[in-house]
Amino acid sequence: MSANRVLSGIQPTADSFHLGNYLGAIRQWVTLQESYDAFYCVVDLHAITVPQDPALLRRRSRVAAAQLFGAGLDPKRCTVFVQSHIPEHAELSWVLSCLTGFGEASRMIQFKDKSLRSGADQASVGLFTYPILQAADILLYQTDQVPVGEDQRQHLELTRDLAQRFNHRFGRTFVVPGPYIVADVAKIADLQDPSVKMSKSSSTPQGIIDVLEDPASIRKKISRAVTDMGSEIRADNEAKPGVTNLLRIYAALTGTSLEALERQYEGSGYGAFKKDLADVVVDALAPVRERTEEILADEAELDRMLADGAGRAREVATATMALVRDRVGFLPAR
Ligand code: ATP
Ligand code: LTN
């Protein structure tokens, strides 16, 4: 019997992933490759649902893939590939969109949030059908579990509904995937506004720590991160959201509990704590940045690794899609 399959995706929409992406997603992916048959996808088709620049997209797709390898995804242990290399994603997405109700798609809250930001008239139909493409990503690979953050739960529910609907209408074709939402995965907040999550699209540069950022800049941002009234180093989301966020980052990177950190820093001020935290963050990210830079220095080899991943992904995707074509009633092409 083959190992349980996991699949997840990340958009190449920035010049670097940030600490939230790293702690909330990529680090789990690295762990999961040991015990699952893992597929990880740089979702460039999703990245064009908002206005984008071609040269930048090409660059960011390579940088995204290089960071995944740099963070420890090992092509011998998992399959890393670029979504647009496998045309079956778009093809299955069409079939699934014909099974999705207009009202059903309209209830997706991420679309509402994102289209509100740009103004509903500016939002593309691609942004509207984004969750259906995501469902195609997942179902093409007969995925058992999808490691994602809490914010993706609704898209996962849609994916399950579409799989069940297709299976019911056309006969068992898709594995119905479950979410793999790690309950205690750190939600990292913006360093300047701890009431919102650290985010590529909405945080200011001062609020974000990038995986590829240079150490001096990381240290400066941590020293300027907002803290709260008083001087106690204590985890308390209500009274001390800024300090609590910093404690969470520290805890997530060192595997220490919040309680142990509170004890360790009892009586010390914010300054000493922030200095130690900066060391912890710099030490954790430096190897990832260095490996990523090495990988990016040999673009031909990176492209070869991605071609390799696409080869493995294609095997699964074409088999699923052949079944789907037949089930739906498309004539075989001879
Ligand atoms: P955008 O702002 O464009 O939506 P983002 O920075 O929020 O982007 P996504 O591309 O939506 O990041 O997320 C990629 C992965 O990183 C997801 O699995 C998501 O759950 C995780 N993630 C994103 N931001 C954080 C955060 N602040 N803390 C923990 N995990 C996060
Ligand atoms: N929508 C997801 C990214 C994503 C994804 C996927 C996650 C695209 N396709 C398939 C899991 C499985 C996000 O914004 N984090």
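Please list, in order along the stretch 223-231, the HN-Hα scalar couplings obtained from phi with the Karplus expression 6.51 cos²θ - 1.76 cosθ + 1.60 (θ = phi - 60°), rounded to whole Hz, x for Gly and Pro.
5, 9, 4, 5, 10, 10, 4, x, 9
Could the peptides 286-292, 3-9 be put in order, highest first, of the mean number of other beta-carbon atoms found within 10 Å of their residues? Intermediate results must be reported in sequence, preceding the final value.
Details: 286-292: 16.7, 3-9: 20.1.
Going by the mean number of other Cβ atoms within 10 Å, highest first, we get 3-9, 286-292.
Calculated FRET efficiency, Ser202 and Asn167, Cβ-Cβ r, R0 51 Å, to nearest 0.05? If you can, show how the numbers build up before the last one.
Values: r = 38 Å, r/R0 = 0.74.
Result of the calculation: an efficiency of 0.85.
Before anything else, pin down the relative contact order of the stretch 1-101: Cα pairs under 8 Å, at least 6 apart, normalised by residue count, whole percent.
Details: 106 pairs, mean separation 35.8, N = 101.
It comes to 35 percent, rounded to a whole number.
Take peptides 163-172, 76-85 and line them up by average Cβ neighbours within 10 Å, highest first, as a rough protection proxy.
Working: 163-172: 14.7, 76-85: 19.4.
Order by mean packing, descending: 76-85, 163-172.
Quantify how much of the Cα-Cα distance distribution of the stretch 215-279 extends past 16 Å, in percent.
On the way: 805 of 2080 pairs.
For the stretch 215-279, the fraction of Cα-Cα distances above 16 Å is 39 percent.
Once both axes come from the Cα atoms, what is the angle between helix 130-140 and the longest principal axis of the chain, in degrees from 0 to 90, rounded to 10?
Around 70 degrees separate the two axes.
Between the stretch 74-110 and the stretch 1-36, how many Å separate their Cα centres?
17 Å
Given just the C-alpha atoms of the stretch 185-326, how large is their convex hull per residue in cubic angstrom? Each step should come with its number before you reach the end.
Details: hull volume 23.1 nm³, N = 142.
Taking only Cα atoms, the stretch 185-326 has a hull volume of 163 Å³ per residue.
Just how far, in whole angstrom, is the stretch 299-334 from the stretch 187-221 if you go by their alpha carbon centroids?
One Cα centre to the other: 37 Å.
Over all directions, the average projected area of the alpha-carbon convex hull for the chain comes to how many nm²? Can you show the working numbers first?
Numbers: hull surface 75.3 nm².
Projected area, direction-averaged: 18.8 nm².
Highest first, please rank the peptides 117-123, 243-249 by the mean number of other Cβ atoms sitting within 10 Å of their residues. Working shown, then result.
On the way: 117-123: 11.3, 243-249: 23.7.
Result, highest mean first: 243-249, 117-123.
Where does the chain land at 222 nm, in deg cm²/dmol rounded to the nearest 500, when only DSSP H runs of n ≥ 4 count, each adding -39500 (n - 2.57), divided by all residues? All intermediate terms of the calculation are to be shown ahead of the outcome.
Details: 14 runs with 173 residues, N = 334.
Taking each H run of at least 4 residues, the total per residue is -16000 deg cm²/dmol.
Using only the alpha-carbon atoms, what does the stretch 19-71 span along each of its principal axes? Please give whole angstrom values in decreasing order.
Taking the Cα atoms of the stretch 19-71, the three principal extents are 37, 22, 17 Å.
If contacts are Cα pairs under 8 angstrom and at least 6 residues apart, what is the relative contact order of the stretch 31-88 in percent?
Values: 44 pairs, mean separation 33.9, N = 58.
Normalised by residue count, the contact order of the stretch 31-88 is 58 percent.
Evaluate E = 1/(1 + (r/R0)^6) for Asp53 and Arg304, where r is the Cβ-Cβ distance and R0 equals 41 Å; express this FRET efficiency to the nearest 0.05. Each step should come with its number before you reach the end.
Details: r = 25 Å, r/R0 = 0.62.
My answer for the efficiency is 0.95.
Counting pairs of alpha carbon atoms under 8 Å apart in space and at least six apart in sequence, what relative contact order in percent does the chain give? Walk me through the numbers before you get to the answer.
Details: 489 pairs, mean separation 74.9, N = 334.
This gives 22 percent for the chain.
On a 0 to 90 degree scale, rounded to 10, what angle separates helix 270-297 from the longest Cα axis of the chain?
Between the helix axis and the principal axis of the chain, the angle is about 40 degrees.
Computed from the coordinates by the stated procedures, all read-outs in this text should not be read as laboratory data. Since we're looking at a predicted model, the values are computed, not measured. When we count neighbours, we look across all protein chains shown, and the Cβ atoms used for this are built from the backbone with ideal geometry, even at glycine.
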